[in-house]
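Below: one structure, written as structure tokens.
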Amino acid sequence: MQFCNLEFNILRKDDLFTRKPDELKVIVTANAQLIALANANKRYMDFINSHNATFDGEIPLKVAKWKCKRISHIEKLPGSEIIYDFSQFAKENSMKLFLLGGKAASNEAAVQKIRRRYGISTEGFSPHFEEYPFSKEFTESCLMKIADFQPDILFVGFGAPKQEFFIEDNFSFLKSCGVKYAVGCGGTFEFVSGMIPRAPKSVQKIGLESLFRFFTEISWMRFCRILYSFMFLRYVNGKPKCCSAGNGE
């Protein structure tokens, strides 16, 4: 379905794992802030619409369901939840998982937690912080780690849109390394590691998860992100293009 000028073609969990043979499938988990960013950045919008997007955010999901009643079932699929689905998928298919980004401590803790829980081959790397465009040294350090490990599944936690631009810039290289799935996942590793708590389910259901995180990590930057996320409402007008279900392509 098309919503806020973006193509959302992964509407259910089952759609996550469908891909064409020899294809590198890229997945963008789109919350309200990301929707607003994409509408302000043509390169970013074109990238998302060339790949696969899920709904990550209760308020955009509720608005999309209200706007497109023809689709009977749409799931919220944030990076902080689908990482467990991909870990289980990796376990069932003897695949390797690589976590790129996040803070060093949370990245390592997330790697250890996934290893213990799923018993899969998992590695991670947290490069020093850089703004985009990344330096040659930054990119090479990341690609060297990926090439050494040869993962099947790659989660990139640089934040939007940096993580998606990293995937786009290095798409051919990632594919040559055998990466089959690449997912932009924001602050997922902080949640997986337990260093930042997820909001209670009741808070998530009413769309106040970002406010909950603000009060656990009070900062001017996070407050500005909350305000910016409401910009997505500017792009809701107009009837969305609805299909019967996501096909994961």
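The values are calculated or read from the model by the stated rules, or taken from the named source; none is laboratory data. No experiment lies behind these values; they were computed from the predicted model shown. Note that each Cβ is placed from the backbone with ideal geometry, even for glycine, and that neighbours are counted across all protein chains shown. These area figures cover heavy atoms from the full protein model, side chains too; ligands, DNA and RNA do not enter into them. Shrake-Rupley method; radii C 1.70, N 1.55, O 1.52, S 1.80 Å.
Please say if region 29-156 is rounded, prolate or oblate, where rounded means a/c under 1.5 for a ≥ b ≥ c the square roots of the C-alpha gyration tensor eigenvalues, and otherwise the choice is prolate for a/b larger than b/c and oblate otherwise? Since a/c reaches 1.5 but b/c is at least a/b, the shape of region 29-156 is classed as oblate.
The residue among Val63, Ala160, Thr122 whose Cα reaches farthest toward the positive pole of the charge dipole of the chain, with charges on the beta-carbon of Lys, Arg, Asp and Glu, is Val63. Phi angles of region 225-230 translate, via the Karplus equation with coefficients 6.51, -1.76, 1.60 and θ = phi - 60°, into HN-Hα couplings of 5, 4, 4, 5, 4, 6 Hz per residue; Gly and Pro are given as x. Anisotropy class assigned to region 77-227 is oblate, per the alpha carbon gyration tensor with a/c at or over the 1.5 cut-off and a/b no larger than b/c. Partner lysines whose Cα lies under 22 Å from the Cα of Lys103, excluding those fewer than 8 positions away in the same chain, are identified as Lys113, Lys136, Lys145, Lys162. Note on the chain: antiparallel DSSP beta bridges, both residues inside, total approximately 10 percent of the bridges counted. In summary, the aspartates and glutamates within cross-link reach of Lys20, defined as a Cα separation below 14 angstrom excluding same-chain residues under 8 places away, comprise Glu249.
Close amide H pairs (under 5 Å, H built 1.01 Å from N) link Val26 with Asn52, Ala182, residues at least 5 positions away or on another chain.
Applying 0.36 nm per residue to the separation of Arg19 and Tyr84 and subtracting their alpha-carbon distance, the gain on full extension is 21.5 nm. Among Ala53, Ala36, Ala105, the residue with the largest mean-square fluctuation in a Gaussian network model of the chain, with springs joining Cα atoms closer than 10 Å, is Ala105.
Computed with a 1.4 Å probe over protein heavy atoms only, the accessible surface of the chain comes to 48 Å² per residue. Would you mind finding the longest exposed-site-free stretch of the chain, with exposed trypsin sites (Lys or Arg not before Pro) meaning DSSP loop and at most 13 other Cβ atoms within 10 Å? The longest uninterrupted stretch comes out as 71-249. Here the chain has 55 percent of its accessible surface on carbon and sulfur atoms, given a 1.4 Å probe and all protein chains in place.
Taking Cα atoms only, the orientation of helix 58-67 departs from the longest principal axis of the chain by about 50 degrees. Between Glu190, Glu108, Glu140, the Gaussian network model of the chain with springs among Cα atoms under 10 angstrom shows the greatest mean-square fluctuation at Glu140. Dipole size of region 48-92 about its Cα centre, with +1 on Lys/Arg Cβ and -1 on Asp/Glu Cβ: approximately 380 debye, rounded to the nearest 20.
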